[in-house]
Amino acid sequence: MSSRFFFFNALFLTLLLGGVFVPTVYSQDIAEIRNKINDTSSQIKKIESEIREYEEQLDEIEEEKQSLQQNISQLNVSAKKISADINLTENKIYGANLTINELSLKIKEKEEKIEKNKNALRESIRTIREQDQTSIIEAMFKYRKLTEFWEKVDTLETFQNQLQVNLEELRNLKAGLQKNKSDQELKRGELSVLKNNLSSQKEVVDYNKHEKTKILNITKNEEAKYEDYLEEAIERKEAFLKSLAELESELRIAIDPSALPPSGSGVLAWPLKKITLTQKFGNTAFAQGGAYNGKGHNGIDFRASIGTSVFSAGNGTVQALGNTDSIKGCYSYGKWVLIKHNTGLSTLYAHLSSITAKVNQVISTGDLIGYSGNTGYSTGPHLHFSVYATQGVRVVRLGDIKSRTNCANAIIPIAPFEAYLNPLDYL
């Protein structure tokens, strides 16, 4: 066979080497990172199991009669759970960084493969163009035997077929490269959220310690003093609710029922992963016993230990947030978030220990907005959840309207009672 025949064989091999058949220098590094990711995933599952055990302990404590020792036990277990939550978040951050590194190597790997493919394709196109300039008759006379000519033709045909294969491989590599880059951007966004969550979880640790110190300082570890503390907290709560009810009874805001979603439409999602309802909406037996100044409960309450993740019940925008505990002597919602949804509804999340949401933040159903707590007039850790007709709710400084309590400087949502809706009609 001629030297040209061997040339084409060599070129054919060059084209193959431009494809996927050559292992890259990144393969080993990617494999090592993947092993670390798998190890981290196992660790995350282990921590999640630990958190579930703490949640079960907290549920058992919640079912016991409220007492000082029960409260201290609850705070102690909450501290362990919060610590595990932080450990979980740190592992997720580590895993996210590993995934970003893995994707970076895959991007480099694909970029090098693409460049090799391009170079091989350039060489093959140049060769084909050279052959196109020679007629079949001329090519036949260049070979001493006809069989040698047909062998050359077969080689060229195989060569061109492989060219098509490599073109397709190049397209696939580019598509894979784009996906890796998109995945990397998503993972970077997730990493940013996790870091923000970690910061808020550390706030919850400080809050939990503060709660324990406050209770011990007030009660001096005496059960009788704890009962007095609870009674005083209830009195403060009733005083605020009475003042709020008087204020809201004077509001005159028309509510158009046609602007609201129908009852039972399920337009809202639950704000917690685990649901235990402890107080319903409206004129409940508890309300009939004299609570809420006879106006009925303006929302629903969920069992939620300190540091439990709280999520947005729907798509919308964070309209406002606040912390009435920053005003001395004001016993109200504590740390709260108000979200205006796209359905004619607004939702309030109160008594939080930490807030992750930002004012004017566009938010989606299930996005983390904060962590539950015991702030405000709450006599125990829980989440208060209210649903309003958006037309009726206003965020005001109480002193700008009227206030007979120490909350004149407090900024909170208010609404006429007809603007309060039963959350269970929309969840």
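Please go through region 58-87 and give me each residue that is crowded, with 21+ Cβ neighbours inside 10 Å and either hydroxyl-bearing (Ser, Thr, Tyr) or under 21 Å from ARG188 (Cβ atoms) (or both), ordered by number. The one that is crowded, with 21+ Cβ neighbours inside 10 Å and either hydroxyl-bearing (Ser, Thr, Tyr) or under 21 Å from ARG188 (Cβ atoms) (or both): SER78.
Sub-8 Å Cβ pairs linking a first residue in region 185-210 that is open to solvent by 50 Å² or more (accessible area, probe 1.4 Å) and part of a helix (DSSP H, G or I) to a second residue that is modelled with pLDDT of 90 or more and of a type in the set (A, V, I, L, M, F, W, C), at least 6 apart or interchain, are ARG188/ILE100; GLU190/ALA96; VAL193/LEU368; LYS195/ILE93; LYS202/ILE86; LYS209/ALA79, ordered by first then second residue.
Might you check whether a residue that is open to solvent by less than 30 Å² (accessible area, probe 1.4 Å) and modelled with pLDDT of 90 or more occurs anywhere in region 21-32? The answer is no; no qualifying residue exists.
Restricting PHE385, PHE417 to residues that are surrounded by fewer than 19 Cβ atoms within 10 Å (Cβ to Cβ) and among the aromatic types (Phe, Trp, Tyr) narrows the list to PHE417. Restricting attention to region 316-368, the residues being of a type in the set (Ser, Thr, Tyr), crowded, with 19+ Cβ neighbours inside 10 Å and either in contact with a Lys or Arg (Cβ under 8 Å, 6 or more places away or on another chain) or assigned to a helix (DSSP H, G or I) (or both) number 5.
Does ILE136 qualify as being of a type in the set (Val, Ile, Thr), open to solvent by less than 50 Å² (accessible area, probe 1.4 Å) and at pLDDT below 65? So ILE136 does not fit the description; no.
Take ARG404 and decide whether it is surrounded by fewer than 15 Cβ atoms within 10 Å (Cβ to Cβ) and modelled with pLDDT of 85 or more. Spelling it out, it is not the case that ARG404 is surrounded by fewer than 15 Cβ atoms within 10 Å (Cβ to Cβ) and modelled with pLDDT of 85 or more.
Within region 369-422, the set of residues being part of a loop (DSSP other than H, G, I, E, B) and of a type in the set (A, V, I, L, M, F, W, C) comprises VAL393, CYS407, ALA408, ALA410, ALA415.
The values are calculated or read from the model by the stated rules, or taken from the named source; none is laboratory data. No experiment lies behind these values; they were computed from the predicted model shown. Neighbour counts run over all protein chains shown; Cβ positions are idealised from the backbone, glycine included. Accessible surface areas use protein heavy atoms only, side chains included; no ligands, DNA or RNA. Shrake-Rupley method; radii C 1.70, N 1.55, O 1.52, S 1.80 Å.
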